[in-house]
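The values are calculated or read from the model by the stated rules, or taken from the named source; none is laboratory data. Since the model is a prediction, treat every value here as computed from it, not as a measurement. Ideal geometry is used to build each Cβ from the backbone, glycine not excepted, and the neighbour counts take in all protein chains shown. In case anyone asks, the SASA skips ligands and DNA or RNA and just uses the protein heavy atoms, side chains included. Shrake-Rupley method; radii C 1.70, N 1.55, O 1.52, S 1.80 Å.
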Amino acid sequence: YSISIEFESCRGLSFTTSFFILFLYKKPFVESFEETPLLVAVLTYMGYGILTIFGYLRDFLRQWNIEKCHVAREREEQKDFVPLYQDFENFYTRNLYMRIRDNWNRPICSVPGAKMDLVQRVSYNYNWTFEHTGKVVKDVINMGSYNYLGFAENTGACADAAIEVTQQYGVGVGSTRCEMGNLGIHEELEQLVARFLGVESSMAFGMGFATNSMNIPALTGKGCLILSDELNHASLVLGARLSGSTIRVFKHNNMQSLEKLLRDAIVHGQPRTHRPWKKILIVVEGIYSMEGSIVRLPEIIALKKRYKAYLYLDEAHSIGALGPNGRGVVDYFGLDPKDVDIMMGTFTKSFGAAGGYIGGRKELIDYLRRHSHSALYATSMSPPVAQQIITSMKIIMGEDGATLGADRLRQLSENTTYFRRKLHDMGFIIYGNDDSPVVPMMLYMPAKIGAFGREMMKRNIGTVVVGFPATPIIESRARFCISAAHTSEMLDTVGHTFRAVLLNGATQALQPLLFLIQDVKRDTSDLCSVCLQCFSRSRDVAIEQMLILILS
Ligand SMILES: Cc1ncc(COP(=O)(O)O)c(C=O)c1O
């Protein structure tokens, strides 16, 4: 199976190239992205179509003040101006997102561990505003936080060390690194990160998003070319745009698409002048947080070497979560970190902290210290945050003298395999790499996004549901983030709950069909053999079987 997947990625390539690609991987690289079934795609478009028609109808009613309008509108005295707030995304937010908005922005009131507490809220105006009831929903199984290694804790070694550092330095630094905000703890953190990554030097920043959006412009500019994966995170896209470089987008994790762009870039150079590009920078992520896919790093490194391009790797979701030593995709594929020119990552996920880093050659880091806006103009990282990272990283590296880090890495990997296999065996369509702790489960239809999130919540399971614009319009999904802190009982509970939620949803949606089944039951002569088998048992079992057949 893995070989067939491998060959899938080699389609259209010569035998020698395909063989060469297979040789690059030391172990099977299995990823699945089942195409949206045609019927589901048609039904999904119909769903959006109906919502859009109703959206226009309601906008019409709002315009004539028949329906109360809660959204930002042009002021009366500016009614002749070009509208400030109207665009498609606004229409989408007003008429589609608002219907299911209760699934997002849920306030939590505990550590985002394997279980969490949520503030209960209600809306009396169809999700335009919410009120807190004063109650707390306790012990919700948390399937949404990026707490891969379970370091989001308020007790234990990390919390104790952070408290101690707070007592020593306080929380705020009050200055930038190049003014009065350079503490010993920052230097210690950077040396540790460099050691962890296996690179010469590193620099830490107070915010992961800004690490991308402010450092890419420091590295490339006019006359440079950025080749960016189509599913790159918003911070990478913003950084690329701010840099003023030319941006070309290649298909997600598709090496033929990337190679074509590289080849074109070398052959044709810059538009009009045909001068060579000053720099070519390939920008990719380690694990893609909406697809659960892992970057095809060995192939990208081979391509970047062949075409003499630079590589910027964002390991926000993979650092700590992948590889035998938790050192990200480079570790996972057993590659040399020196082959990646710019190693970027965040401390917000596996380390349970905040901020981001850039690692690489000493020259690169020295250059960024002088040229990056987030190095020069942003206040440096809060000391307890830096300490949380230092302690958790040392635990992962085994420098605490115990095996806690290795145990958590192993637990995360086991939980990932267990949960993915469970969903697969239950017949759900899941995306991504078998080893990825990000597990997207396809829902497709817009109505299902809201229904699924709410029904799971009713059963005390907090999930993240995602739809357009974060995903393509017909690929809405639930996205689960597996943690080493999850127990197998928790993962089992989640699996059982899916079945209950989906059967419940299907029973409601298929009420008319159930009546039909009951009618047909009297005359079984024109039923297929599968249905006849079902009808030979009790009515309830028959209905359940039928639903399972339909669902699968
Ligand atoms: C790939 C990627 N890069 C960067 C970021 C931004 O990081 P932060 O949330 O730590 O600011 C994220 C956030 O989720 C991300 O997924």
Estimated FRET transfer efficiency (Ile50, Thr417; beta-carbon r; R0 45 Å; 0.05): 0.70
Cross-link table Lys27/Lys422; Lys251/Lys278; Lys27/Lys279; Lys135/Lys458; Lys279/Lys349; Lys26/Lys278, entries beyond 25 Å C-alpha to C-alpha: Lys27/Lys279; Lys279/Lys349; Lys26/Lys278
Assigned charges on the beta-carbon of Lys, Arg, Asp, Glu; the chain dipole about Cα centre (debye): 900
For segment 334-343, 3J(HN,Hα) per residue [Karplus equation, 6.51 cos²θ - 1.76 cosθ + 1.60, θ = phi - 60°, Hz, x = Gly/Pro]: x, 9, 8, x, 5, 6, 9, 6, 10, 9
Stretchable slack from His371 to Glu74, in nm (0.36 nm times residue separation minus alpha-carbon distance): 102.8 nm
Length released on extending from Asn154 to Phe81, taking residue separation times 0.36 nm less the Cα-Cα span: 21.1 nm
Simple spin-label estimate for Met397 and Leu24 in nanometres, 7 Å along Cα-Cβ: 3.0
Using alpha-carbon coordinates, inclination of helix 234-243 to the longest axis of the chain, degrees: 40
Portion, in percent, of the accessible area of the chain that falls on carbon or sulfur, probe 1.4 Å: 57
Cα centroid of segment 281-310 to Cα centroid of segment 149-208, whole Å: 28
Reachable aspartates and glutamates from Lys138, criterion Cα separation under 12 angstrom, eight or more residues apart if same chain: Asp117
Per residue accessible area of the chain, 1.4 Å probe, in Å²: 49
Efficiency of FRET between Lys135 and Asn504 - r from beta-carbon atoms, R0 22 angstrom, step 0.05: 0.35
Contact order relative to length of the chain, as percent, for alpha carbon pairs under 8 angstrom and 6 or more apart: 17
Full-extension gain in nm, Glu89 to Lys279, via 0.36 nm per residue minus C-alpha separation: 64.9 nm
